[in-house]
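Encoded as structure tokens, the structure appears first; notes follow it.
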Amino acid sequence: MIANSLLIKVCGVWVMMLFIVTLSGCGGGGGGSSSPNEIAQTPPKLEPCKGIKISTGECLSQQEFKQRRDKIADRHLANREYQNQWGLQRIKAHRAHAALEIKHGKGVKPGSGVTIGIIDTGVNLNHYEFRGANIERRPPPIPGYDSSGYTPDRERLDRHGTAVTSIIAAQANGTDFIGVAPGAAVKMFPISPGSFDPDRLYAPASMNALASRDGGDAQILNTVFAEGIDILNLSIGRQGLIENYSEQELRGSLPQTIAALAQAGKKNKTVLVWAAGNDHGSLCAAGSPNCRYGYYASRNEHRYGINASSPFVWGAGLAARLDELAGHSIAVVATDKNGTIADFSNRCGIAKDICIAAPGVNVSIATGRDEVGTGDGTSAAAPMVSGGLALMKHFFRDQLSHTDLVTRLFDTADKDGRYRDQSIYGQGLMDLEAAVSPVGAPTVTTGNQVGDADYSLQATSMSLGHAFGDGLSHSLLGQEIVAFDSSGAPFWLDLDNFTAEQKFRGLPITQRLHNLMHHHPITQHPQTRMDVPPSIALDQHGNLFAPHRWRTGFYAQPTASPSSLFNLAEQAVTVQYQSPRGWQAMGFTTAGLPHAAPESGAIFTWQPGSLLMRFRTGWLGEHKSMLGSMTDGAFGELAADSFVTGLELGTAFKGWQLAADAEIGFITAQSRGGIISGLSDVVTSAVSLRANRHLTKEDEVVLSISQPPRIEQGQAAFVLPVGRTKDGRVLHERFSADLAPSGRQIDVAARWYRQGVFGGEWRTEMTISHHPGHTREHPDISLLAGWKVTF
């Protein structure tokens, strides 16, 4: 057979012109025999979206998500408030903000649901950058420490704390700048501000001085921890480089402080974010530890200055000496606009394992008065990190423990180029884009612990057969499934993203073409041919037409009925026995055939006497599918046994040949090894009504109305991984999905056959499908035409 075709869709109408030349013997094509189906192909497996459902309802692939995120991020960067806080772009907060916006909508406020504590000098709650912010000034942790609460010069004393708070929580109000986490709740715990004299010689704290404050410091910390703080910003410290103090000295002088910071017995410890210190280049006495003579650009002079090769002793440095503090402590060094270490900033040094860099030069800040300015210092870099952690906690829905957040912050930091120098930058420069992006390829787990029984996200899919319509897809709307990246962080996807409906309009185009072009020509048995099933035929003497007792078919349909479940095995190898007494038996299989799902079955038909009535019953076994639906990955594998009963009727009335075909199926299905935990028995239906007659000797018309196989009832039970606990246990949710679709496809078709066109036969079919694909979609209209000649 030689075939050429053109398929065009114009204004929602499919038009196919098919030109076929069939080579066969004279008078070929015995009644009802199965000729090789060289047009029909197994419907392609539809690939569902594996991306992210966003606030608009769209499903984006990972690449599309990044493109959309970057577009929103560029919009942020065009905003003056982002431009005025240059550090946001440096730490890629604009992209992390964009990722939250895509998922949750434009009104999302990064950091929502997270509480950040700040121990500092106080905060000016009336500053315009805080209008709409969730900021609370708490009572002093120790009475008398809060001199700013009892002095008329409160604005001056609040200046440092106000600046630190604004870097985190400044609001997007169209004024000056925006914070890293404007949605976070902030609690300010005011303490007395220290004095600072840039001309004073560097004076490291003695052990006796540290010990004298041990009880008061511990009381402050315990008071703060009691208020449910997730992250504690500590842009404070005491002079002295941690490398010059031993663990034994620290434990002997600061037992209460260490115990408070360790938070022993607390399941999810508050994260401590410390400013590393601003002592690099501070005046020092020649010959004292870490004192070097050199040029210090920030002071524009040569002098004896401190080589601040490690963080503060009381503060960031403690975790470098004390293991019980390491998992929830972060030391922050400051970088300038070029991304290099600020001239004044302490370096990471021996605290490199718990140290990270963030912008801390010319950072926009709110001042004590209702004004804005810029500030330098690791005191400005620390709140960048505190806000970044709040954003991460928000993004991961508070399902990662605080120690996991700290580990992820370090693991995803920028370690390229200059940031490889751990002695200066520790774990590198904070990168919030990387922190909220998957590390490695995410997988779906059906186990009870993160990492158990993982399935590739890309391999997880379900291609739904036509009988399902939109039933399962609609049931899955709004249901989420979680995937975990290689570090165990959760990323949520909408479950219906992983399903694709085989939305054939009526039968597949290829099968409809086959039905249109492969049947008896009009010149053969015109008085008895019924064109399409029921395939009941009588010979010219009124007897059953059974020319062959045994028959085989290759790439054949098990039944000629277009509305039968048996057509799931449309490319089967068949063996058929036909009795002259009116009954037939057929066995078929697709096992071993290319591009075909493994299916086997048997059909038994019986036609009593010369009645134009035929009964059929049979079994269809699907070994890796269910009603044509294929699953993979975390969906596991399906198998089904379908038991089918049908009735075909035919009669003649005033020149018309009338036929009816009805079928009901009972399906028992199994699911293996995936999130589908069980399937109920399923009931399907299919029906068709047809009428044909000769208008002239050369013309024949066929009218039909049919419903292709449709699920009438059935349920699927799911056990979905939907999240995780902070200790890595996978959270599951059980729900039941209805399989019956929302619509009922009804196909109304008309065919016209014209003999004698260029020595052959011209055939045309027009079909209107109501609720195509068993969905409540607009009707589809298709037009097929072809010319056939046999010689």
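The values are calculated or read from the model by the stated rules, or taken from the named source; none is laboratory data. No experiment lies behind these values; they were computed from the predicted model shown. Neighbour counts run over all protein chains shown; Cβ positions are idealised from the backbone, glycine included. In case anyone asks, the SASA skips ligands and DNA or RNA and just uses the protein heavy atoms, side chains included. Shrake-Rupley method; radii C 1.70, N 1.55, O 1.52, S 1.80 Å.
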Checked the stretch 35-90 for anything modelled with pLDDT of 65 or more and of a type in the set (D, E, K, R); matches are Glu64, Lys66, Arg68, Arg69, Asp70, Lys71, Asp74, Arg75, Arg80, Glu81, Arg90
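Of these, Gly678, Gly674, Gly633, Gly655, which one is surrounded by fewer than 16 Cβ atoms within 10 Å (Cβ to Cβ), over 25 Å from Ala749 (Cβ atoms) and small (Gly, Ala, Ser)? First the steps, then the outcome.
Working: Gly674 fails: surrounded by fewer than 16 Cβ atoms within 10 Å (Cβ to Cβ); Gly633 fails: surrounded by fewer than 16 Cβ atoms within 10 Å (Cβ to Cβ); Gly655 fails: over 25 Å from Ala749 (Cβ atoms).
Every option except Gly678 fails the conditions.
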Identity of the residue in the stretch 363-399, open to solvent by less than 20 Å² (accessible area, probe 1.4 Å) and out of contact with any helix residue (DSSP H, G or I) (no Cβ under 7 Å at 6 or more places or on another chain), that ends up nearest to Asn134 (Cα to Cα): Ala390
Qualifying position, being within 27 Å of Asp158 (Cα to Cα) and part of a loop (DSSP other than H, G, I, E, B), among Ser345, Ser310, Ser364: Ser345
Any pair with Cβ under 9 angstrom, 6 or more apart, that starts in the stretch 400-423 at a residue that is under 13 Å from Ala357 (Cβ atoms) and open to solvent by less than 70 Å² (accessible area, probe 1.4 Å) and ends at one that is part of a loop (DSSP other than H, G, I, E, B) and polar (S, T, N, Q): Leu409/Gln427; Phe410/Gln427; Ala413/Gln427; Tyr419/Gln427; Ser423/Ser309
Got a number for residues in the stretch 457-493 being outside any loop (DSSP other than H, G, I, E, B) and of a type in the set (Val, Ile, Thr)? 2
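Residues are listed down the side, and each one gets a yes or a no for (1) closer than 26 Å to Gly743 by Cα; (2) at pLDDT below 95; (3) of a type in the set (Gly, Ala, Ser); (4) under 33 Å from the mean Cα position of the chain (by Cα):
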| residue | (1), (2), (3), (4) |
| --- | --- |
| Gly650 | no, yes, yes, no |
| Asp681 | yes, no, no, yes |
| Arg693 | no, yes, no, no |
| Thr725 | no, no, no, yes |
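Looking at the stretch 243-259, can you tell me whether even one residue there is in contact with a strand residue (DSSP E or B) (Cβ under 6 Å, 6 or more places away or on another chain), modelled with pLDDT of 95 or more, over 30 Å from Gly111 (Cβ atoms) and not in a strand (DSSP E or B)?
Within the stretch 243-259, the subset in contact with a strand residue (DSSP E or B) (Cβ under 6 Å, 6 or more places away or on another chain) is 245.
From the residues that got through so far, the ones that are modelled with pLDDT of 95 or more too are 245.
Filter once more, so that each one left must be over 30 Å from Gly111 (Cβ atoms): 245.
Still in the list and also not in a strand (DSSP E or B): 245.
Checking the stretch 243-259: at least one residue is in contact with a strand residue (DSSP E or B) (Cβ under 6 Å, 6 or more places away or on another chain), modelled with pLDDT of 95 or more, over 30 Å from Gly111 (Cβ atoms) and not in a strand (DSSP E or B).
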Being within 19 Å of Ser463 (Cα to Cα), buried (at least 17 other Cβ atoms within 10 Å of the Cβ) and touching a Lys or Arg at 6+ places or on another chain (Cβ under 9 Å) is the filter here, so list the residues in the stretch 727-744 that pass it. Ala740, Pro741, Gly743
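Of the residues that sit in the stretch 157-200 and are assigned to a loop (DSSP other than H, G, I, E, B), in contact with an Asp or Glu (Cβ under 9 Å, 6 or more places away or on another chain) and at pLDDT 95 or above, which one is nearest to Gly107 (Cα to Cα)? Walk me through it before giving the result.
Pass one, the stretch 157-200, residues assigned to a loop (DSSP other than H, G, I, E, B): 170-184, 191-200.
Cutting the leftovers down to in contact with an Asp or Glu (Cβ under 9 Å, 6 or more places away or on another chain) gives us 170-179, 184, 191-193.
Remaining after also requiring at pLDDT 95 or above: 170-171, 177-179, 184.
Values: Ala170: 16, Gln171: 12, Phe177: 17, Ile178: 15, Gly179: 15, Ala184: 14 Å.
The selected residue is Gln171.
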Give the number of residues within the stretch 83-100 that are at negative phi and open to solvent by 20 Å² or more (accessible area, probe 1.4 Å). 6
Residue in the stretch 684-693 that is touching a residue at least 12 places away in the same chain (Cβ under 8 Å), hydrophobic (A, V, I, L, M, F, W, C), open to solvent by 20 Å² or more (accessible area, probe 1.4 Å) and closer than 30 Å to Leu405 by Cα present: no
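Just to be sure, is Glu761 among the acidic types (Asp, Glu) and at pLDDT 95 or above?
For Glu761, the condition - among the acidic types (Asp, Glu) and at pLDDT 95 or above - is not met.
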